[in-house]
Amino acid sequence: MLKNSCRIALKELKHWMTPEKVKTSIATFPSSAEIVSEPLGVVLVISAWNYPFLLSLDPVIGAIAAGNAVVLKPSEIAPATSSLLAKLLGDYLDNSCIKVVEGAVDETSALLQQKWDKIFYTGNGRVARIVMAAASKHLTPVVLELGGKSPVVVDSNINLKVATRRIIAGKWGSNNGQACISPDYIITTKDYAPKLVDALKTELEKFYGKNPLESKDLSRIVNSNHFNRLTKLLDDDKVSGKIVYGGEKDESKLKISPTVLLDVPRDSLIMNEEIFGPLLPILTVDKIEESFDVINSGSKPLAAYIFTNTKKLKEQFVMTISAGGLVVNDTTLHLAVHTLPFGGVGESGVGAYHGKFTFEAFSHKKAVLYRRFIGDAPVRYPPYTNTKMRLLKALIGGGILGIIRALFGW
């Protein structure tokens, strides 16, 4: 995906940079106008640990393409990648305008005290509030790529095997659930839930074997803090008896097996924070349409997914659910489509990027109006008679009929 971002920027940059011609109004006749993209200046990119190469360099590509100087602060939670980025960018890029600053909280805090022309942050909502507060002191605009509880609605009239495999790929196949757009919980009907659970069990065993903790295809949890956080979610009295598959842990290897929970209470810990791990609760409703109310009762998620063959339900989902992005009959794949903006809404983020949208995120759209010395209208200048006032109002209103009426004194 990162190489693809480079290729797209190289191929499309000339087109992205070309000023956009726009129409003018009769009020400025004769004239022409265009929108010119210009660099914002010096920008700060603070990246995340879960895809530490992609999430660090993808925004940097767009920032460079848009003509900015960039400081990249990689996540200290992925220290090996942070060190590698510092070395590679130091060796291969122009260090007079692209720099890497390594470190943890102190270094990030020091960076946030500086004045930037834009800050691009990928991570969680708690730190995003700190970033936004720091940016507000300098009126610095921000892009905040956050997360949330991304739901999956599963209807009954589907190819269950394909749907299950796609849910697994988006959940456990994406860093063992440690991805901002991985499915956070499933909503299905009470009648269909047993079939869905059985299908998940079957496919999970095919993918990761009878002992998933030994599988080479299953990511470990990033560190002991996150391992303990996920363990706490599982040990909650309200959910510990709801496990229908998995639940095995190996703290020495920081591994947690794919875990499915059924009929988890909505007031439990696991349903009130982003899981960001291999635990997948299933909520049940009487009618599948009720799932939309469940989703809308919480914060707007970064992504939302639905599996259905019912056209009306698809349309209702798209019109009813507010999320950063939606996918029908799959999960997470919208991330790979560079012609779609990727970003959140509400608590799941501010702004968007990918492809041209990254270029635009790091550009200022400058309005330019061109006029010549001919066609100077006396009506603009004092003294203002009733006729001039009528004409001015008509010109600003932009209607030919209004101008004709004004000329005739109507």
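The values are calculated or read from the model by the stated rules, or taken from the named source; none is laboratory data. Everything quoted here is computed from the prediction, not taken from an experiment. As a convention, Cβ positions derive from the backbone with ideal geometry for all residues, glycine included, and neighbour counts pool all protein chains shown. For the accessible areas, the whole protein counts, side chains as well, though only heavy atoms, and no ligand, DNA or RNA atoms are used. Shrake-Rupley method; radii C 1.70, N 1.55, O 1.52, S 1.80 Å.
With Cα atoms as the point set, the radius of gyration and Dmax of the chain evaluate to 26.5, 89 Å.
For the range 140-230, the alpha-carbon coordinates run over 49, 34, 21 Å along the three principal axes, in decreasing order. The H on the amide N of V143, modeled in the peptide plane, is under 5 Å from the matching H of I119, F120, Y121, each at least 5 residues off or on a different chain. Among the chymotrypsin sites (Phe, Trp or Tyr not before Pro) in the range 354-390, those located in a DSSP loop and surrounded by at most 16 other Cβ atoms within 10 Å of their own Cβ are F373, Y384. Largest mean-square fluctuation among R129, R220, R390, in a Gaussian network model of the chain whose springs join Cα atoms under 10 Å apart, belongs to R390. Using 0.36 nm per residue and subtracting the Cα-Cα separation, the extra length available between Q114 and T24 on full extension is 28.4 nm.
Take every pair of alpha-carbon atoms less than 8 Å apart whose residues are at least six positions apart; their mean separation over the length of the range 73-161 yields a relative contact order of 22 percent. Mean-square fluctuation check for the chain, GNM, Cα pairs under 10 Å: which of S31, S136, S215 is largest? Result: S31 has the largest fluctuation of those listed.
Comparing V142, V244, V154 in a Gaussian network model of the chain where C-alpha atoms under 10 Å apart are linked, the largest mean-square fluctuation is found at V244.
Restricting to DSSP loop positions (anything but H, G, I, E, B) with no more than 12 other Cβ atoms inside 10 Å of their own Cβ, which trypsin sites (Lys or Arg not before Pro) remain in the range 1-53?
Working: sites: K3, R7, K11, K14, K21, K23; in loops: K23.
When the trypsin sites (Lys or Arg not before Pro) of the range 1-53 are filtered for loop state and at most 12 Cβ neighbours within 10 Å, K23 remain.
Using a probe of 1.4 angstrom and keeping all protein chains present, the accessible surface of the chain works out to 51 square angstrom per residue.
When nucleic acids and ligands are ignored and a 1.4 Å probe is applied, M389 ends up with an accessible area of around 80 Å². Only helices enter this figure: runs of n ≥ 4 DSSP H residues, each worth -39500 (n - 2.57), summed and divided by the residues of the chain, yield -11000 deg cm²/dmol at 222 nm to the nearest 500. Across the chain, the mean sequence separation of Cα contacts (distance under 8 Å, 6 or more residues apart), normalised by length, yields a relative contact order of 19 percent. For the range 151-342, the normalised intensity computed at q = 0.11, 0.13, 0.17 Å⁻¹ comes to -0.45, -0.64, -1.13 (log10 of I(q)/I(0), Debye sum over alpha carbons, equal scatterers, no solvent). Over 23 Å between Cα atoms, which of K190/K314; K195/K232; K73/K118; K73/K149; K137/K356 qualify? Too far apart for the 23 Å limit: K195/K232; K73/K149; K137/K356. Of the solvent-accessible surface of the range 151-342, computed with a 1.4 Å probe over protein heavy atoms with every protein chain present, carbon and sulfur atoms account for 49 percent. Name the GluC sites (Glu not before Pro) in the range 249-305 that are in a loop by DSSP and that have at most 12 other C-beta atoms within 10 Å, would you? The qualifying sites are E251.
The range 348-392 and the range 74-92 have their alpha-carbon centroids 44 Å apart.
The spread of Cα positions in the range 22-121, taken along each principal axis and listed from longest to shortest, comes to 60, 28, 27 Å.
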